[in-house]
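Note sheet for the following structure.
The values are calculated or read from the model by the stated rules, or taken from the named source; none is laboratory data. Note that the structure is predicted; figures quoted are calculated from it, not measured. Quick reminder, even Gly has a Cβ in these numbers, built from the backbone with ideal geometry, and neighbours come from all protein chains shown. These accessible areas exclude ligands, DNA and RNA; they are computed on the full protein's heavy atoms, side chains included. Shrake-Rupley method; radii C 1.70, N 1.55, O 1.52, S 1.80 Å.
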Amino acid sequence: MSQKLRFSLMLLLTPLWLLAQVKLAENGQALAEIVLPAESPWLLHYAAEELQTHLQKLSGAEFSLVEKSSGKLPIYLGEKAALEAGLSIDGLPGDGFLISVTKNAIHIAGRDNPSRNPLGFFHLFYDETKRGTLLGVYKFLEKFGILWVAPHYTHIPQQATLLLPESQERISPSFAHRRGVTGWDFMSVFPDAKEYCQTVNDIYKWALHLRFSNRSMAGGAHSQHYLKLKNVWQDYPERFMMSSDGIRNFDYLCWTDPAVTEFWIKAAEAYFSGLGPEAAGLKGLKPYLNSKWPYPFFSEDEFMVEPHDESGSTDGRCRCPRCNAFREQHPCPDDSEIIWQVVVAVAEKIKEKFPGKFIATTVYPPKMEMPKTVKIPDNVRVCICTSGPKEVATPNRLESDLELIRNWEGLVGAANLPIRAYQCMVFARRLPGPPETHPHLTDVYLRKIKPLAAGMFLEMHSLTFTYHWMDTYILARLMWDQNLSVDDELKAFFAAAYGPAAEPARELFARFEENWVKLWRQNYPDVRRDGPAALGMGGGKGSFQDFQKNTWREVYHPQEMQAIDERIQKIESLCAGHPVYSKHARLLREQIFNVMQMERSEVMDKEERRSKIRLEMLNIPMPEGSFPSESAWDGAVAQPLRAASRLKPQLQAGGSFKVLRSGEKLFVKADFEEPLLSGSKTKKGRQIGDKNIWQDNDTELFIYAPATNTFWQFVINDEGKWAANCLENRPGQWKAYPGVEISCRATPGGWQMLASIPLAGFGKGEWRFNLTRCRMVEGTAPEYSTWSELTMRGNWHEPDNYGTIVFKD
Ligand SMILES: [Zn+2]
């Protein structure tokens, strides 16, 4: 900038800047006070406390909370005070608010739930539609540089003098629908949850700080399933799906039956009239939270009409003559045309009787196509499930997704089109370990969908929260305000979270993002998709096992792992001594790098490790039909069990077992510690062969012969009831296994299992073996343990993880 230009800019700006400043505190003394009458709603009291606490932390000044102005600069909260000052919140969308700063008064106001009782943070996060002032307070505090970095850590830049320019702002989010943080199950899902939150309320509070939206838009799915129609329509089999073999399946509906349409209309009308499900003829449904209806019927404005999820055994499509005839008349690759007829019929009725209310539904099998035989009224919200931001790395695939979104936007309009996307290749352990972090892809994606959709629910799954902490923060910031620069946001985040190590930490995550793009492109050829959306993960090259191997071989190879290790070492040394930054550095190592190492090793070093896991089995002479004596057992080595979760390596209740062989029989004696045996969750009255025994407090034996692909699982509960599962063709088939004798008994402090199993059914060649335990007792979380150290929850049935039996005479 030339000197002349700089000078003229100063002339232009300085006087305005001087005139417009409002002072809230000076040299650690408060010049303002928060004014709130005692009879105000609870939400405003909570907002006032939040404001007071943070202003004090910012400036060191004591801000009073008063009922009436005492002459200091008053800060008013809520619509009532705003109206008295001639400020209106009319026209602001949900979660919008106004902030007015003048020399005489400050106002922060949005729509607020008028309740004077505490609302609870679960409710505020998930369901409250009127919480504008609280969100306004959080935005107001950001004006002083506050950043809501993490649930456990807010960045508060101290300043003894608090200054703000005069302003009048009406602020609303860029997207109405802004979701992406794990809620109610946060504490149990993430092994590092306690590093971030003391209780689950801390995650709700963080989400409110970051102004994620509630779940009021197309929040539920598979709504039909929750209405349990099979309980009330026993006399009407024709209303249910007819399978191709002519048999009715009571989990699914016949969507061309007029009674089905009538039912949905009646149900939606009852719902919006404030009546319970009985008014629609339903019975025995458990109300969800404040709703009279079961989950997922909880939104004030929406009722979801949606078929039950298809399962592996059926496509959920009715083959009755009427449905077949409809299909012939209106050809469609799936049942979109059939089901949309019903959705539209319900929506038209609701539009007429309950203006302002919505019918929600999703683009999900068997309803993936765009309907051509009906015109969708403007009170229908459609949730599209797509792969989401990661597709930005593959432009042709992205274009297929965008085209689909554009087409739907044309049918229902952007405001009625929330997107559900997935940042979760780790889900079901498809690709565990490599960080799925890509803030820049998310930024581009949000810009692409801005004109097309109401926003996004980015469903995130990761092995630890540390993996997607930053992505969650950035997602919230960008969905709230599209004008932010992702690079500025990243700089600010890393500076606040890692202090002196901000730059190496930013570079580390940039490297993770670059690597993500590399591995994604390696496995997902960038080819345009024809037809409807894939639900996210479709289109990969090989199996997920190949994906994992390629990732660890080609992208996160040993040199790359070493480079990451070195970068984290640098971050650790720069952060040393600072309580918050060094904690964050430690989390990078413990909750990302070490987890990556373990996952990498599981894929790459497994066979070598497996070959060292051996179970020596003595062959003892013994009369046919008898069981080994105590002294015979004394000669066998006790094999201890270990935790089947790497992230919780300490077992609460241990156990061990011994094996012996005599002739053509395998003998197993297992002893399990169990201080809570009286609270066993074993279902009483089970019979041998019950295929649900795995749900009990149980132990399981696995024997696999690779040469003959013979694979048996024996599931044994603490009462000695058992079932055998033949796993040759998984998911397996429950079958009789003749000649097995099993008994269990309580022991001091635990229980014991004795088994005698004929070897004849085990196949030929090498035998692989594992013994596991699922501890299911009241008063503590389920605990899984295993003999083979390679077996972890999630790979229970993979014989690549079992040890090898070695016979000894
Ligand atoms: Zn039918």
Exercise. So, of the residues in segment 171-210 that are hydroxyl-bearing (Ser, Thr, Tyr) and assigned to a helix (DSSP H, G or I), which turns out to be farthest from the chain's Cα centre (by Cα)?
Worked result: TYR196
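Hydrophobic (A, V, I, L, M, F, W, C) and surrounded by 22 or more Cβ atoms within 10 Å (Cβ to Cβ): is that true of LEU77 in this structure?
When the stated conditions are applied, LEU77 passes them.
Answer yes if at least one residue in segment 691-703 is without any contact (Cβ under 8 Å) to a residue 12 or more places away in the chain and either of a type in the set (Ser, Thr, Tyr) or open to solvent by less than 10 Å² (accessible area, probe 1.4 Å) (or both), and no otherwise.
At the first step, the residues of segment 691-703 found to be without any contact (Cβ under 8 Å) to a residue 12 or more places away in the chain are 692.
Filter once more, keeping what is either of a type in the set (Ser, Thr, Tyr) or open to solvent by less than 10 Å² (accessible area, probe 1.4 Å) (or both): none.
Looking through segment 691-703, none of the residues is without any contact (Cβ under 8 Å) to a residue 12 or more places away in the chain and either of a type in the set (Ser, Thr, Tyr) or open to solvent by less than 10 Å² (accessible area, probe 1.4 Å) (or both).
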Exercise. Is there a residue being open to solvent by 50 Å² or more (accessible area, probe 1.4 Å), within 19 Å of GLY749 (Cβ to Cβ) and at pLDDT below 95 anywhere in segment 656-674?
Worked result: no
Problem set entry | Hey, VAL346 hydrophobic (A, V, I, L, M, F, W, C), within 17 Å of PHE303 (Cα to Cα), in a strand (DSSP E or B) and in contact (Cβ under 8 Å) with a residue 24 or more places away in the chain or not | no
Problem set entry | Residues that are at pLDDT 95 or above and small (Gly, Ala, Ser), drawn from segment 690-723 | GLY720, ALA723
Seminar exercise, completed: Picked from segment 303-312 (must be part of a strand (DSSP E or B) and at pLDDT 95 or above), the residue farthest from the ligand (Cβ to nearest atom) is PHE303
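Results for (1) surrounded by fewer than 20 Cβ atoms within 10 Å (Cβ to Cβ); (2) modelled with pLDDT under 95; (3) at positive phi; (4) small (Gly, Ala, Ser), shown as yes or no for each residue.
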position: ARG170; (1), (2), (3), (4): yes, no, no, no
position: HIS177; (1), (2), (3), (4): no, no, no, no
position: GLY183; (1), (2), (3), (4): yes, yes, no, yes
position: VAL189; (1), (2), (3), (4): yes, yes, no, no
position: ASN201; (1), (2), (3), (4): yes, no, no, no
position: SER213; (1), (2), (3), (4): no, no, no, yes
Problem set entry | Matching residues, segment 292-323, being closer than 14 Å to THR256 by Cβ and open to solvent by 20 Å² or more (accessible area, probe 1.4 Å) | ARG317, ARG319, PRO321, ARG322
Exercise. In this structure, is MET217 surrounded by 22 or more Cβ atoms within 10 Å (Cβ to Cβ) and within 12 Å of the ligand (Cβ to nearest atom)?
Worked result: no
Problem set entry | Those residues of segment 633-652 which are among the small types (Gly, Ala, Ser) and more than 31 Å from the chain's Cα centre (by Cα), in sequence order | GLY635, ALA636, ALA638
For this session: Would you point out which residue out of GLU741, GLU778, GLU766 is of a type in the set (Asp, Glu) and within 20 Å of GLN639 (Cβ to Cβ)?
Result: GLU766
For this session: Determine whether segment 744-766 contains at least one residue that is aromatic (Phe, Trp, Tyr), assigned to a loop (DSSP other than H, G, I, E, B) and open to solvent by less than 10 Å² (accessible area, probe 1.4 Å).
Result: no
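Residue by residue through segment 571-611, note down the ones that are hydrophobic (A, V, I, L, M, F, W, C) and over 22 Å from HIS468 (Cα atoms). Steps first, answer last, please.
Going residue by residue through segment 571-611, those that are hydrophobic (A, V, I, L, M, F, W, C) are 571, 574-576, 580, 585, 587-588, 592-593, 595-596, 598, 603-604.
Hits for segment 571-611 are LEU574, ALA576, VAL603, MET604.
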Problem set entry | In segment 472-518, the residues that are surrounded by fewer than 18 Cβ atoms within 10 Å (Cβ to Cβ) and of a type in the set (S, T, N, Q) | GLN482, ASN483, SER485
For this session: State whether one or more residues within segment 558-570 are modelled with pLDDT under 95, open to solvent by 30 Å² or more (accessible area, probe 1.4 Å) and outside any helix (DSSP H, G or I).
Result: no
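Yes or no, residue by residue, for (1) within 30 Å of ALA415 (Cα to Cα); (2) in contact with a His (Cβ under 9 Å, 6 or more places away or on another chain); (3) assigned to a helix (DSSP H, G or I); (4) of a type in the set (Gly, Ala, Ser):
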site	(1), (2), (3), (4)
GLU238	no, no, yes, no
GLY246	no, no, no, yes
PHE263	yes, no, yes, no
LEU289	yes, yes, no, no
TRP293	yes, no, no, no
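Residues checked against (1) outside the structural domain of ASP251 (by TED's automatic domain parsing); (2) within 13 Å of the ligand (Cβ to nearest atom); (3) not aromatic (Phe, Trp, Tyr):
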| residue | (1), (2), (3) |
| --- | --- |
| ASN290 | no, no, yes |
| PHE297 | no, no, no |
| THR314 | no, no, yes |
| CYS318 | no, yes, yes |
| ARG322 | no, yes, yes |
| ILE338 | no, yes, yes |
| GLN341 | no, yes, yes |
| LYS351 | no, no, yes |
Exercise. Hey, does segment 79-99 have a residue that's under 16 Å from PRO37 (Cβ atoms) and assigned to a strand (DSSP E or B)?
Worked result: no
Exercise. What about ALA653, is it within 30 Å of GLU590 (Cβ to Cβ) and in contact with a strand residue (DSSP E or B) (Cβ under 6 Å, 6 or more places away or on another chain)?
Worked result: yes
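Could you please give the count of residues in segment 247-264 that are free of Cβ contacts under 8 Å to residues at least 40 places away in the same chain and either within 12 Å of the ligand (Cβ to nearest atom) or crowded, with 20+ Cβ neighbours inside 10 Å (or both)?
From segment 247-264, those free of Cβ contacts under 8 Å to residues at least 40 places away in the same chain are 247-248, 250, 258-259, 262-263; that's our starting set.
The next check asks that each one be either within 12 Å of the ligand (Cβ to nearest atom) or crowded, with 20+ Cβ neighbours inside 10 Å (or both); those that pass are 248, 258-259, 263.
Number satisfying all stated conditions: 4.
Given the structure, is ALA267 open to solvent by less than 30 Å² (accessible area, probe 1.4 Å) and within 16 Å of the ligand (Cβ to nearest atom)? Write out each step before concluding.
Numbers: open to solvent by less than 30 Å² (accessible area, probe 1.4 Å): yes; within 16 Å of the ligand (Cβ to nearest atom): no.
Answer is no for this residue.
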Seminar exercise, completed: In segment 233-243, residues that are away from the ligand (no atom under 12 Å from the Cβ) and surrounded by fewer than 18 Cβ atoms within 10 Å (Cβ to Cβ) total 3
Seminar exercise, completed: Counting only residues in segment 349-360 that are touching a residue at least 60 places away in the same chain (Cβ under 8 Å) and open to solvent by less than 70 Å² (accessible area, probe 1.4 Å), the one nearest to ARG381 (Cα to Cα) is identified as ALA360
